[in-house]
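The structure appears below as C-alpha cells.
The values are calculated or read from the model by the stated rules, or taken from the named source; none is laboratory data. None of these values were measured; they are calculated from a predicted model. We place every Cβ from the backbone using ideal geometry, glycine too, and count neighbours over all the protein chains shown.
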Amino acid sequence: MPIAVHLDVMLARRKMRSKELAERIGITEQNVSLLKSGKVRGVRFETLERICRELECQPGDLLTFEPDDAAD
C-alpha cells in the first residue's frame, strides 16, 4: 500500500509507549499496534485527531504517500 504509517517513529520521539497512547486516546492497545504496523485499511479522522493531539504532531508526521512503482 502506498500509504506508510510512522506512528512508531512519533511514539519513540515522544518517549511514549503504545499502551500509554492507547489509554490516552481511548482505543485498545491492539488497535494501536495495528496502526503502527500499517495493517489497517483506514483510520477515523476522530482517532487521527486524538493521536495528533496527544503526540503534538500533524497528520503528515504520521502518514506519508510512497508511490508503488508497480502500479504505474
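For the reader, a short list of remarks on this structure follows.
- Of residues in the stretch 1-32 being within 13 Å of LEU48 (Cβ to Cβ) and part of a strand (DSSP E or B), the one farthest from the chain's Cα centre (by Cα): ILE3
- Scan the stretch 48-66 for residues that are in a helix (DSSP H, G or I) and either modelled with pLDDT under 95 or of a type in the set (Val, Ile, Thr) (or both) and the total you get is 1.
- Of all residues in the stretch 22-45, those that are of a type in the set (Asp, Glu) have Cβ atoms under 6 Å from Cβ atoms of residues that are part of a helix (DSSP H, G or I), 6 or more apart or on another chain, in GLU29/SER18; GLU29/LYS19; GLU29/ALA22.
- Qualifying positions in the stretch 1-53 - among the charged types (D, E, K, R) and either surrounded by 12 or more Cβ atoms within 10 Å (Cβ to Cβ) or touching a helix residue (DSSP H, G or I) at 6+ places or on another chain (Cβ under 6 Å) (or both): ASP8, ARG13, ARG14, ARG17, LYS19, GLU20, GLU23, ARG24, GLU29, LYS36, GLU49, ARG50
- Residue in the stretch 54-72 that is surrounded by the most Cβ atoms within 10 Å (Cβ to Cβ), counting only those that are under 18 Å from PRO2 (Cβ atoms), within 11 Å of the chain's Cα centre (by Cα) and of a type outside the set (Ser, Thr, Tyr): LEU62
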